[in-house]
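*Asks:* Got a structure here, written out as structure tokens. Questions coming.
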Amino acid sequence: MRFSNKVVIAVILLNVLFALAVLAVSWHTGQGLDSLVVGWFAFTTGELWTLGKIKRDKIGKDGDNND
């Protein structure tokens, strides 16, 4: 399995765990964690976007889809 595939799987799992943790904290405290949620998902979206850009640039440079 390629490193980029591992990163995508890790980000998805971390997002699910983060969402569950935020829901649990919000349920116990009654407070929302809006800025933390926005920051986390902005970070992980940026990581995936950058990884996709690297992949697109590599495919464009190589002219094929060699994994």
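The values are calculated or read from the model by the stated rules, or taken from the named source; none is laboratory data. Bear in mind that the values here come from a model prediction, so they are computed numbers and not experimental data. Glycine also receives a Cβ, built like all others from the backbone with ideal geometry; neighbour counts cover every protein chain displayed. Side chains included, ligands, DNA and RNA excluded: accessible areas come from the protein's heavy atoms. Shrake-Rupley method; radii C 1.70, N 1.55, O 1.52, S 1.80 Å.
*Asks:* Per the 1.4 Å probe, what fraction of the accessible area of the chain, in percent, lies on carbon and sulfur atoms?
*Replies:* Exposed carbon and sulfur together represent 69 percent of the surface.
*Asks:* Give a residue-ordered list of calculated ³J(HN,Hα) values for the range 36-50 (Karplus: 6.51 cos²θ - 1.76 cosθ + 1.60, θ = phi - 60°; whole Hz; x for Gly, Pro).
*Replies:* Running phi through 6.51 cos²θ - 1.76 cosθ + 1.60 with θ = phi - 60° gives 5, 5, 4, x, 5, 6, 5, 4, 5, 5, x, 4, 5, 4, 5 Hz.
*Asks:* Quick one: putting +1 on the C-beta of Lys and Arg, -1 on the C-beta of Asp and Glu, what dipole do you get for the chain around its Cα centre, in Debye to the nearest 20?
*Replies:* 160
*Asks:* With a Förster radius of 22 Å, plug the Cβ-Cβ distance of Val37 and Lys6 into 1/(1 + (r/R0)^6) and report the FRET value to the nearest 0.05.
*Replies:* 0.35
*Asks:* I'd like the Karplus ³J(HN,Hα) series for the range 17-28: coefficients 6.51, -1.76, 1.60, θ = phi - 60°, whole numbers in Hz, and an x wherever there's a Gly or Pro.
*Replies:* Calculated HN-Hα couplings, in order: 4, 4, 4, 5, 5, 5, 4, 5, 5, 5, 5, 6 Hz.
*Asks:* Something else now. Considering only protein heavy atoms, what per residue accessible area in square angstrom results for the chain with a 1.4 angstrom probe?
*Replies:* 80
*Asks:* Taking 22 Å as R0, compute the FRET efficiency from the Cβ-Cβ separation of Leu23 and Trp49 and round it to 0.05.
*Replies:* So the FRET efficiency works out to roughly 0.30.
*Asks:* Mind ranking Phe3, Phe43 by accessible surface for me, highest first, 1.4 Å probe?
*Replies:* Phe3, Phe43
*Asks:* While we're looking at this one, here's another question. Given Leu48, Gly30, Leu13, which one lies farthest toward the positive end of the charge dipole of the chain, if we put +1 on the Cβ of every Lys and Arg and -1 on the Cβ of every Asp and Glu?
*Replies:* Of the options given, the answer is Leu48.
*Asks:* Where does each of 26-39, 45-58 land if you order them by average Cβ count within 10 Å, highest first?
*Replies:* The packing order, highest mean first, is 45-58, 26-39.
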